Amino acid sequence: MQETVLNTLIYKYNPYARFLVVLYIVGMFIVYLLLCDIIPAYILWMALCIWAIPLVYAGISKKTVFNFRSLDSRLLTLSTSFIKVGKERYPIKDTSIELHINAYDGFIYRIRREGLLTPQATHGNNNTLLFTYKGVTYDNEFHLSNYASYTTLCKLVDQWRAAGVRITVKETFSREFVSKQYERMNRSKRKY
């Protein structure tokens, strides 16, 4: 029988992001203070609003220099017998695992707002793997790129449980709900 394996990207903390945001805001404030006596206030406010657009863009986009997280160069490999982070390998039988599964990239679900069902999309992030090996706890936030990655992770969880691994799983959405939404989105459209 072939071993179930999931290779995925992990995130790391970007130590420069907060510094860049603070530097950007302080720069805006200093320019405002220096020019408030020379240029009319309405022009300054308009310039500040335009200057704030990169911060707003950084808040809603996935990849900018202002993001607090960035992709790590190491890969996370989950298998039925080991967890591998970069080149470090940890056997499953000696670990205790806590897994938080949010969703995969492109998962679309509907929520009711003001009486209407509105679609919401996820980006595949905010999935967290916490495992303890020899008294040391490792925390990794990882990316699930598609539905196949999600189902592979679910298979791994079931195999770990069957093998007697100490595992706690917290899911934002139940597996049945995710598979039902996936089938709904990939259902062929009727032709009239």
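The values are calculated or read from the model by the stated rules, or taken from the named source; none is laboratory data. Since the structure is predicted, the reported quantities are computational estimates derived from the model, not experimental observations. We place every Cβ from the backbone using ideal geometry, glycine too, and count neighbours over all the protein chains shown. All accessible areas refer to the heavy atoms of the entire protein, side chains included, with ligands and DNA or RNA removed. Shrake-Rupley method; radii C 1.70, N 1.55, O 1.52, S 1.80 Å.
Quick look at the numbers
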read-out	value
Sum of side-chain charges, Arg161 neighbourhood, beta-carbon under 15 Å (Lys, Arg +1; Asp, Glu -1)	+2
Label-point separation in nm, Leu48 to Lys134, each point 7 Å along Cα→Cβ	5.5 nm
For the chain: rounded, prolate or oblate by the Cα gyration tensor [a/c cutoff 1.5]	oblate
Folded to 0 to 90 degrees: helix 41-51 orientation relative to the chain principal axis, Cα	20 degrees
Relative contact order computed over region 38-172 (Cα-Cα under 8 Å; 6+ residues apart), in percent	22 percent
With DNA, RNA and ligands ignored, accessible area of Tyr104 (1.4 Å probe; Å², nearest 10)	20 Å²
Region 93-176: mean projected area of Cα convex hull, nm²	6.2 nm²
Added length on full extension, which subtracts the Cα-Cα distance from 0.36 nm per residue, Met185 to Val56	43.4 nm
Residue pairs, from the table Lys84/Lys134; Lys12/Lys180; Lys93/Lys180; Lys155/Lys180, whose Cα atoms sit over 22 Å apart	Lys12/Lys180; Lys93/Lys180
